[in-house]
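What follows is calculated from the coordinates using simple rules that are stated; it is not laboratory data. This one's a predicted model, so the numbers in the text were calculated from it and none came from an experiment. Virtual Cβ from ideal backbone geometry, glycine too; neighbours counted across all protein chains shown.
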Amino acid sequence: MSATPSESRPSGAALATLFVSSGGLLGLAIYQWLELIHVRTGGTAACSVNETVNCATVWDSPFSHLVQEWLGIPVAGLGVLWGAVALLLAFLTLQRPATFRSAVKAWALVGLLSCVTFISASFQARAVCLTCLGTYALTAVYAFGAMKLLGGGAVPPARELIGGLGWGLVLTVPLFFGLLYPGSKTPLEAASVPKLDKHNPDDFDAVMATLSQREKLTAAWARNEWKNAPAHDTSMFPVHAHKGKADAPVRIVEFTDILCGHCAQFEEMLREIEGMSPEGGMSIEPRYYPLDEECNPDIKGTAGDGVRCYGAKLQICAELHPKFFLMRREFFQNQRQLDQGMMLAIAKRHGLDTDALAECIKSPATASRLGEDIAYARKFNIQGTPLVLLNGKATPPSPVFLLGMVLSGGNVDAPYFQRLPPPPPPNAPQ
C-alpha cells in the first residue's frame, strides 16, 4: 500500500530548503547577538553603514530594549531561539513526517508573524538593519519550504495547527531557559561613563571597584589594545584646532562623520569625561572622515545627498571660531533632521558669517585640508567612525579606560588599571 500524503517522506528539495534556511538563520542570529554585545560595550557594528542603514539603531530602539527587559534575552536571542526550534522541527519531520509536518508549518507562520512585528519596529526606528533583512529572507525561505514543498497543504486545519504549535512550545521552553544565561550577560545599554562624586583618582579607584565584571573586562581589553597599538609618525599633520592645552597629558584626536550615530554618542561621552577632567588634563582635536565617496576616495558605493561632505567642510571652515564646539555639538544633536540648510542656520545662530562659510566650503584649500584628515586617518587603518587616538595611538572608545587615563594623567599603569582582570583573548566579544 502506498503512503498517504501526510505519511510520505518529505522531498529532498523540501528538506534541503528547511535545513539550509533554518541553519543559516541560526548562524546569522548568533552573529547578530555577538555584534550587539560588541556595540553595547562601545564598539561599532560591521553593518552600520550610515544613519539610515544602521543595525545598531534598530538594536538600540525602544522596542528592542523592551523585549530584552521583559524576556531577559535580546531580539537576536529570539532569532537564535526560533532558528534552533525550526532546525529541530525539520530534523524531526525527517524522522516522523506525519507527526511533525504540521509543527513545521505552524512554526513557519510564527516566524512570518514575528517578521511583520520586527519590520514595523524597524520602520518606527527609521533605520534599516541589513542583517535583519537577511533574517526576514531566510524566514520567508523556510516558510516557502514548509508550505509549498513539504506537502499536505499550505496551512493545516486548525486542530493540526494547534497541535503543531504545541510541539514548537515543547521545544521552545527548555531552549528559552537555556538562553537566559547568555541573555543575562548581554548589556542592556551601551557603555557609559562612570559617575564620580569627586574629581580625583582616589574616587575613581572606588568607582572601579563597583563596576560589573563585563565593564572591567571591557576596560582591560581597551587598555591592552591601546598598549599594543602601533604608533605612527603624524608630524606632517599640524594641529589646526583643539580644545584644552596643547601639551595636556592626555591628547585625544577624534575622526568623525557628521551623520554617524556612534560619533554623536562618543561626543556626549567625551563631554562627560571632559567635565570630570582635572584642569589642563586633556585636549580634544577634531578631525573629519566623511563616509561618502563624493569627497572621500576610501569610501565606495555610498554617495549620498552631500550632507556628510558638506558637514565636514563646514566644520573645517568654522573650527577656529569661538563657538565652534557648541555649533558642532548641535549638529550631532540634530542628526536625524540635519541638512545643509539646517547646518548653515545653526552656524549663523552661533555668530558665523554664512556667506564667508559658503565661499570657504567651495574652496580648494578646504578640500585639500579634508584630504589631509583622510590621509591622517588612513595611517591608522580606519575601519569606521569614530576613530579615536589617545596620545598618538588608536584606542577603543571605552569610557572607563578613557576616563581612567584622563584622571591618571595618561598613566596606563595607574593602580586602578593594575587591579583590572586579565583582558579577554583576541577576537572574543567584549
Check your understanding: Given H placed on each backbone N at 1.01 Å, which residues far from residue 283 in sequence or on other chains put an amide H within less than 5 Å of it?
Key -> 250, 251, 252
Point to revise | Sites residue 271 and residue 34 - FRET efficiency at Förster radius 35 Å, r taken between beta-carbons, to 0.05 | key: 0.75
**Study point:** Derived scalar couplings ³J(HN,Hα) [region 122-138; Karplus, 6.51 cos²θ - 1.76 cosθ + 1.60; whole Hz; x for Gly, Pro]
**Key:** 5, 4, 5, 7, 6, 8, 10, 9, 4, 5, 5, 4, x, 4, 4, 5, 5
Review point. Taking region 12-184 as the region of interest, what is the percent of Cα-Cα pairs per 5 angstrom bin, listed from the shortest bin to the one with the maximum distance?
Key: 1, 9, 17, 21, 19, 14, 10, 6, 2, 0
Check your understanding: To the nearest µm²/s, what D does Stokes-Einstein give for the chain at 10 °C and 1.306 mPa s, using the Kirkwood radius over alpha carbon pairs as Rh?
Key -> 66 µm²/s
Revision key, fill the gap. Listing 60, 298 by rising number of other beta-carbon atoms within 10 angstrom, fewest first, gives 298, 60
Check your understanding: With Cβ to Cβ distances under 10 Å as the rule, what net charge do the other residues near residue 252 carry (K, R +1; D, E -1)?
Key -> -1
Review point. Amide H to amide H, which residues 5 or more places from residue 288 or on other chains are under 5 Å from it, using H placed in the peptide plane?
Key: 256
Check your understanding: Once you put a point 7 Å from the Cα of residue 162 and another 7 Å from the Cα of residue 362, both along the Cβ direction, what distance in nm separates them?
Key -> 7.4 nm
**Study point:** Residue pairs, from the table 227/323; 245/313; 216/243; 300/393; 216/379; 313/393, whose Cα atoms sit over 32 Å apart
**Key:** 227/323
Practice item. Enumerate the amide H contacts of residue 387 below 5 Å, restricted to partners 5 or more residues apart or on another chain; note that Pro and chain-start residues carry no placed amide H. Key: 255
Review point. Which order do 295, 263 fall in if you start with the one that has the fewest other Cβ atoms within 10 Å?
Key: 295, 263
Practice item. Can you tell me the order of 242-252, 218-228, 264-274 when each peptide is scored by its average per-residue count of other Cβ atoms within 10 angstrom, highest first? Key: 218-228, 264-274, 242-252
Practice item. For residue 177 and residue 335, compute 0.36 nm times the residue count separating them, minus their Cα-Cα distance, and round to one decimal in nm. Key: 52.9 nm
**Study point:** Additional length obtainable on full extension of the chain from residue 155 to residue 379, 0.36 nm per residue less Cα span
**Key:** 74.8 nm
Review point. Exposure proxy check: 385, 131 ranked by fewest other beta carbons within 10 Å?
Key: 131, 385
Point to revise | Free-standing Cys, the chain [no other Cys Cβ under 4.7 Å] | key: 115
